[in-house]
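First comes the structure, then the notes that go with it.
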Amino acid sequence: VGTLIQQDYAFFSQDQALKALPGSGQGPTGGVGDLQDSVFFRRGRIRFDGVAHDMIEWDFDCELLANNNVAFDDLWVGMTNLPVVGNVRAGHVKIPMGIESITSNRVFTFVERASIFDAFLPEYGPGILAFDSYREAKLTWAACAHRLDPTGNGTDSGDGQWNGTFRLTSLLYNSPDDRHYLHVGSAYSIRDDRGGT
């Protein structure tokens, strides 16, 4: 059981000439307006995850600050160490499309995911995810049958609007001192957009 809290603070110091809005005639054309100091919660989550009998796993991750509503991120149960497929999860799972989807927000290089990711690649969706790794995790694959989740609450409706997403990665080179890597990956998604999403 745990929590995740990410809070942002912003402090600004501006030249007086830059405080005028563009086109106001009160400052240079490059004015940006009066930027205000601020503070806000980026994420506030409650989490309950674990493993039982070395093969049953679960993760219930509830976002409390999503547009003043409760939203689910990870909300699934799964089985590990299965023959052939390795691991299977069912529920509200991460869609295996792109490295930013797989990477936790706790270890991002930047504060947010890239805007192109947020625009075109939903991070979570209700569905079934299968995945495994080989050669000491140097080769990975994942396949997911899922619905799209435009509201973030795990709800979607419409006949036959299932999607498939597939991902394959490989660590082709790893230097002996672990300072240089060559990691490649590819993902493909088939989506049914008859619902207008």
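Of note:
- Applying the condition of being among the basic types (Lys, Arg) and under 23 Å from LEU148 (Cβ atoms) to segment 166-197 and asking which residue is modelled with the lowest pLDDT yields ARG194.
- Test: ILE95 is open to solvent by less than 80 Å² (accessible area, probe 1.4 Å), at pLDDT 80 or above and β-branched (Val, Ile, Thr): yes
- Some residue of segment 110-122 being at pLDDT below 95 and buried (at least 18 other Cβ atoms within 10 Å of the Cβ): yes
- Within segment 127-165, being of a type in the set (S, T, N, Q), at pLDDT below 85 and open to solvent by 40 Å² or more (accessible area, probe 1.4 Å) holds for THR151, ASN153, THR155, SER157.
- Restricting ASN87, ASN81, ASN69 to those that are modelled with pLDDT of 90 or more and exposed (fewer than 12 other Cβ atoms within 10 Å of the Cβ) reduces the list to ASN81.
- Odd one out for VAL77 among (1) under 21 Å from SER170 (Cα atoms); (2) out of contact with any Leu (no Cβ under 8 Å at 6 or more places or on another chain): (1)
- Selection status of ILE102, among the aliphatic types (A, V, I, L, M), open to solvent by 80 Å² or more (accessible area, probe 1.4 Å) and within 19 Å of the chain's Cα centre (by Cα): yes
- Within segment 94-109, residues that are farther than 17 Å from ASN163 by Cβ reach partners that are part of a loop (DSSP other than H, G, I, E, B) with beta carbons closer than 7 Å, at six or more positions or on different chains, in the pairs GLU100/ARG113; GLU100/ALA114; ILE102/PRO96.
The values are calculated or read from the model by the stated rules, or taken from the named source; none is laboratory data. Since this is a predicted model, take the numbers as computed values, not measurements. Don't worry about glycine lacking a Cβ; one is built from the backbone with ideal geometry, like all the others, and counts go over all protein chains shown. Surface areas here come from the heavy atoms of the whole protein model, side chains and all, with no ligands, DNA or RNA. Shrake-Rupley method; radii C 1.70, N 1.55, O 1.52, S 1.80 Å.
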